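Okay, so here's the structure we're looking at.
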Amino acid sequence: MDQTMEKAQNFLGRVDEGPGARNEVDRRVVSLTAPASVGAEQYRTLFYRLERMRALRPMKVVAFTSAMPGEGKTVTTVNLALTAARAAPERRILLIDTDLRRSQVANVLGFKNTPGLSELLQGECQLAEAVRRFRSTRLAIVPAGAAPEEPTQLLASRRMKDFLQAVRDNFDEVYLDLPPSLPFADASILAAQSDGTVMVIRANVTRTRQVQQAIEHLAGAAIVGCVLNGGPLATGGYLKAYK
């Protein structure tokens with residue numbers, strides 16, 4: 001795994017210019033589409049707050065989840081990972097889409113979803129094939145890949161544990177886009193292996209009870225804070241607050 005990880009780190013080039021690639025970034029990725037906007041500044045604020053947390057405790061692998069689908073966890077994770085890559089270009093930063101049921105990272109960033117984590121965990125591709133470099137940034141990305149028949153089994157597998165250990169050893173920061181925590185066990189499996197988990201909440205949509213249940217489902221995980229999406233200063237799903 002170490003040798004293939006080294007190859008993945010050294011892999012350079014533009015992302016998926018071949019068949020099936022959109023090459024169009026979702027406008028909600030304000031870190032790229034509107035870097036001078038209030039939304040982009042709020043993601044920078046979130047990044048530096050996480051930096052202050054890292055000064056107090058080891059937090060290399062940070063996971064993002066939500067209670068239910070549609071709360072903005074993927075857009076939040078993508079924006080934060082891109083913000084980190086720009087703010088700390090000397091660091092090796094990796095974004096992994098672990099939502100094997102309803103993956104969105106590749107779609108949001110406009111590139112092909114395969115091969116990705118699913119194929120990697122099933123032994124259908126090598127790590128260097130699954131890793132993308134996003135345009136001119138140093139951000140490395142592993143998309144989810146094709147939806148497998150048994151996502152929970154794959155995420156709980158020894159291969160997944162080994163993969164997470166390998167990325168810990170070879171990257172400075174790792175951002176995980178987890179599945180929503182209430183419908184399935186997937187999020188709880190990966191949150192327990194992360195150093196910190198952030199809960200993404202949709203303003204005026206997510207109920208307090210849903211958040212409480214989601215946190216209960218993540219028993220054993222270190223919940224380090226929440227991100228509120230969709231408030232008055234966060235039109236379009238931009239980050240509003242972090243606590």
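The values are calculated or read from the model by the stated rules, or taken from the named source; none is laboratory data. Keep in mind it's a predicted model, so treat the numbers as computed, not measured. Backbone-built Cβ (ideal geometry, glycine too); neighbour counts: all protein chains shown.
Kindly indicate the residue of the stretch 63-74 that is within 25 Å of L121 (Cβ to Cβ) and surrounded by 24 or more Cβ atoms within 10 Å (Cβ to Cβ) and also farthest from the chain's Cα centre (by Cα) among those meeting that condition.
By that ranking, first place goes to S66.
Can you tell which of Q165, Q210 is surrounded by fewer than 23 Cβ atoms within 10 Å (Cβ to Cβ) and either within 25 Å of A85 (Cβ to Cβ) or touching an Asp or Glu at 6+ places or on another chain (Cβ under 8 Å) (or both)?
From the options Q165, Q210, the qualifying one is Q165.
Within the stretch 127-144, take every residue that is modelled with pLDDT under 90 and assigned to a loop (DSSP other than H, G, I, E, B) and give me the one that is farthest from T33 (Cα to Cα).
R138
Sort out which residues of the stretch 191-223 are in contact with a strand residue (DSSP E or B) (Cβ under 7 Å, 6 or more places away or on another chain) and part of a loop (DSSP other than H, G, I, E, B), and write them in order of number.
Within the stretch 191-223, S194, D195, A203, L218, A221, A222 meet the criteria.
Report yes if some residue within the stretch 1-9 is crowded, with 21+ Cβ neighbours inside 10 Å, in contact with a helix residue (DSSP H, G or I) (Cβ under 7 Å, 6 or more places away or on another chain) and modelled with pLDDT under 90; otherwise report no.
Checking the stretch 1-9: at least one residue is crowded, with 21+ Cβ neighbours inside 10 Å, in contact with a helix residue (DSSP H, G or I) (Cβ under 7 Å, 6 or more places away or on another chain) and modelled with pLDDT under 90.
Among the candidates S103, S157, which residue alone is over 24 Å from A88 (Cα atoms), among the small types (G, A, S), within 15 Å of the chain's Cα centre (by Cα) and surrounded by 15 or more Cβ atoms within 10 Å (Cβ to Cβ)?
S103
Do we have A187 as among the small types (G, A, S), surrounded by 16 or more Cβ atoms within 10 Å (Cβ to Cβ) and either within 17 Å of the chain's Cα centre (by Cα) or assigned to a loop (DSSP other than H, G, I, E, B) (or both) here?
Yes.
Can you name the residue in the stretch 28-49 that is without any contact (Cβ under 8 Å) to a residue 40 or more places away in the chain and in a helix (DSSP H, G or I) and, of all such residues, is nearest to M160 (Cα to Cα)?
Across the stretch 28-49, the extreme among qualifying residues is Y48.
Output the number of residues of the stretch 46-56 satisfying the condition of being over 17 Å from F171 (Cα atoms), surrounded by fewer than 17 Cβ atoms within 10 Å (Cβ to Cβ) and either under 16 Å from the mean Cα position of the chain (by Cα) or not hydrophobic (A, V, I, L, M, F, W, C) (or both).
3
Would you tally the residues in the stretch 55-81 being part of a helix (DSSP H, G or I) and over 24 Å from Q212 (Cβ atoms)?
The total comes to 6.
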